[in-house]
1. Restricting to segment 220-237, name every residue that is open to solvent by less than 10 Å² (accessible area, probe 1.4 Å) and either farther than 21 Å from G300 by Cβ or out of contact with any Cys (no Cβ under 7 Å at 6 or more places or on another chain) (or both).
2. Hey, could you check segment 366-387 for residues that are of a type in the set (S, T, N, Q) and in contact with a Pro (Cβ under 9 Å, 6 or more places away or on another chain) and say which is farthest from G57 (Cα to Cα)?
3. Any residue at all in segment 82-89 that's crowded, with 19+ Cβ neighbours inside 10 Å and either of a type in the set (D, E, K, R) or without any contact (Cβ under 8 Å) to a residue 24 or more places away in the chain (or both)?
4. Quick check on segment 23-35. Is at least one of its residues modelled with pLDDT under 95, among the hydroxyl-bearing types (S, T, Y) and surrounded by fewer than 22 Cβ atoms within 10 Å (Cβ to Cβ)?
5. Please state which one of R128, R98, R93 is in contact with an Asp or Glu (Cβ under 8 Å, 6 or more places away or on another chain), under 19 Å from F34 (Cβ atoms) and charged (D, E, K, R).
6. Among the residues of segment 56-68, which ones are without any contact (Cβ under 8 Å) to a residue 60 or more places away in the chain, open to solvent by 10 Å² or more (accessible area, probe 1.4 Å) and within 11 Å of the chain's Cα centre (by Cα)?
7. Checking R116 against (1) within 27 Å of Q331 (Cβ to Cβ); (2) modelled with pLDDT of 95 or more; (3) in contact with a helix residue (DSSP H, G or I) (Cβ under 8 Å, 6 or more places away or on another chain); (4) not hydrophobic (A, V, I, L, M, F, W, C), which single condition isn't satisfied?
8. When L344 is evaluated against the numbered criteria (1) closer than 30 Å to Q378 by Cβ; (2) at pLDDT below 95; (3) open to solvent by 10 Å² or more (accessible area, probe 1.4 Å), which criterion, by number, is the only one it fails?
Amino acid sequence: MAVSSMTSASGTSTPPRPGSPDRPHVTELRLSAFAGHRGAVLPLGPLTLLAGPSGSGKTSALRAYDALARLGGGAELGEAFPAPAACVPERARPDAQRRRGFRIGCTADGPEGPVRLDVAVQAEPDLRVVGERLSADGVVLLETALRDPGRRAVQAAWHTAGSAPVTRAPLPDDRLGTALLPLRVAGKTDGQRRVLAAAEQMVVALRSVFSCDPRPERMRLPVPMGSGRLLGGCDNLADVLWRTRAECARRHAQLVAAVRAGCAGTVAEVLAEPLGAGTVRAVLDRGDGIRTALERLGDGELRYLALTLVLLTGPGVLEVDPAGEVPAAMQTLTVLADGFDRALDPRQCGELLRLAARMCERGHIRLVGAVSDASWAQGTDGVTVVHLDA
């Protein structure tokens, strides 16, 4: 379903720019100074593979994206960066006040056109935002700066274009100012409405992110029946299968077909069996009266199965934080898959990549996967490969 406008928290709406995409999404990740990255600009397509050897920064790039997503959802800095010292470039020298930090940012495209967000974070001695800039078309819409280190606040100025060119006010130094703007800006002037539309586009683009790295050793065990929402480690895959098999026969049939293409032996069905004490286990039905429990499968088969399930489900099944106030047709789920090719054989890599390309082509899901080598992805349409050097 196409969306013709974005509606702000104040109830006003802005018409989209001609040719702009309906669904806000992140098109670029910038790691100006983060962990092992300096001045890195990573272009992101609907399906992106970050390729490089161990130590090239693939995992840290995904960690930066995930942190921005958490901040966009309103999380505090400590939740987004639980180990901030590890985010500081190793050779970064402290200033006279013994302060060190890092800088990251991104660009989100959507109805408002490309919108840039750049954030500077102080990691030592205290974790805090020391600078933030939201801009579009070369116009700074929001800018914050730490003026008084003794206060737990930053001075913010946002575009007004009314009787006063900007509005100034303090904002907390432990949250992303862009995510707070819908609560602070009235939207009475054209300038304020532009600020709101750009901030909301960035927040919507960042919010729906699912970070996953399936853990085969945890997937082999029976799990309690619970919410049926898949965790990032896919530990509770059996519980999710119990739910999804009953909810959507068409999607489940696609899952079975994909598992059949990537797992050894005959696969007639993928299902979950209830056990005692409210637990459930996942099995493969071989079609001849034999059911193979997941504990018998190899690591590659388990990771392939889990990633296939991730690609064929959505925010209602995955443990994500979508923007509940925004229609689903305006949101894009972004999957961050660390070790996308880990333990997979060439056949499984190919099948999984083709499935990902089909799903990402529809526009409602995007994927950023980290791989050690992307040579097997050559020739697959719709794949953006970003090479990182150690």
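1. From segment 220-237, those open to solvent by less than 10 Å² (accessible area, probe 1.4 Å) are 228, 230, 234, 237; that's our starting set.
Selection gives G228, L230, L237.
2. Among them, the one singled out is T384.
3. Pass one, segment 82-89, residues crowded, with 19+ Cβ neighbours inside 10 Å: 84, 87-88.
Narrowing further to those that are either of a type in the set (D, E, K, R) or without any contact (Cβ under 8 Å) to a residue 24 or more places away in the chain (or both): none.
No: segment 82-89 contains no residue that is crowded, with 19+ Cβ neighbours inside 10 Å and either of a type in the set (D, E, K, R) or without any contact (Cβ under 8 Å) to a residue 24 or more places away in the chain (or both).
4. no
5. Within the list R128, R98, R93, the selection yields R128.
6. Within segment 56-68, the subset without any contact (Cβ under 8 Å) to a residue 60 or more places away in the chain is 60, 63-64, 67.
Then keep just the ones that are open to solvent by 10 Å² or more (accessible area, probe 1.4 Å); that gives 60, 63.
Passing the criteria: only R63.
7. (3)
8. (2) is the only condition that L344 fails.
The values are calculated or read from the model by the stated rules, or taken from the named source; none is laboratory data. Quick caveat: nothing in here was measured; it's all calculated off a predicted structure. Here Cβ is always computed from backbone atoms with ideal geometry, including for glycine, and neighbour counts include all displayed protein chains. What goes into the accessible areas is simple: the full protein's heavy atoms, side chains included, and nothing from ligands, DNA or RNA. Shrake-Rupley method; radii C 1.70, N 1.55, O 1.52, S 1.80 Å.
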